[in-house]
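The values are calculated or read from the model by the stated rules, or taken from the named source; none is laboratory data. Everything quoted here is computed from the prediction, not taken from an experiment. Because the Cβ atoms are built from the backbone with ideal geometry, glycine has one as well, and the counts that use them run over all protein chains shown. These accessible areas exclude ligands, DNA and RNA; they are computed on the full protein's heavy atoms, side chains included. Shrake-Rupley method; radii C 1.70, N 1.55, O 1.52, S 1.80 Å.
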Amino acid sequence: MAQQREQAADDALPTRIGQLVMLHHAGDREEARDRLLGLWAELGEDGDPLHRCTLAHYLARTQTDPSDELAWDLRALTAADSCAEPRSPALRALYPSLHLSLAGDYVKLGRPGAARGQLTRARTASAALGDAADDGHAVGVRAALARLQREIAGLPGDVGDDGDADEGGGHGRPGGEPLGPPRSGS
């Protein structure tokens with residue numbers, strides 16, 4: 001019986017996340033962030049990696065500081081990388097968005113080399129999306145890839161920043177510190 005309740009709670013989590021994403025899209029960033037942080041605490045370190053990935057990915061969107069946004073996007077990628085079923089279609093469909101978000105974070109932080117590295121990863125991962133013209137997610141990701149590619153093309157290169165240093169290959173915070181629990185105020 002307890003196992004059934006736990007499974008029902010796990011099944012309801014994506015719906016709860018979706019409701020809070022709608023709250024954010026309706027313009028209440030702070031309330032959405034606070035409630036998403038509550039879900040993050042509820043889910044905990046041992047929660048389902050796909051749920052942690054999804055939650056961190058959306059939490060990143062609610063941040064006002066680009067460094068905090070980057071930290072949450074890195075948490076999302078770390079959670080995705082820890083999934084037991086890395087070949088699941090749901091997870092493969094997330095990787096292009098995860099790398100695209102990281103590329104956008106690096107643009108905001110003035111790190112075009114890192115942005116280019118993540119854009120390349122997003123483009124490579126987008127092959128998993130398929131070619132269906134009626135797949136709104138795939139169409140949206142490809143359009144965002146094209147927009148970000150144009151934006152990045154106009155940026156100067158970073159000297160010594162090939163996108164693989166701190167943030168491209170590893171998944172720590174900028175500067176190489178490992179990811180831990182969210183910083184207070186994040």
The range 16-34-the range 76-90 distance, computed between alpha-carbon centres (Å): 24
Sorted peptide list for 60-67, 119-126, 41-48, criterion being average Cβ within 10 angstrom, highest first: 119-126, 60-67, 41-48
Rounded accessible area per residue of the range 34-92, 1.4 Å, Å²: 45
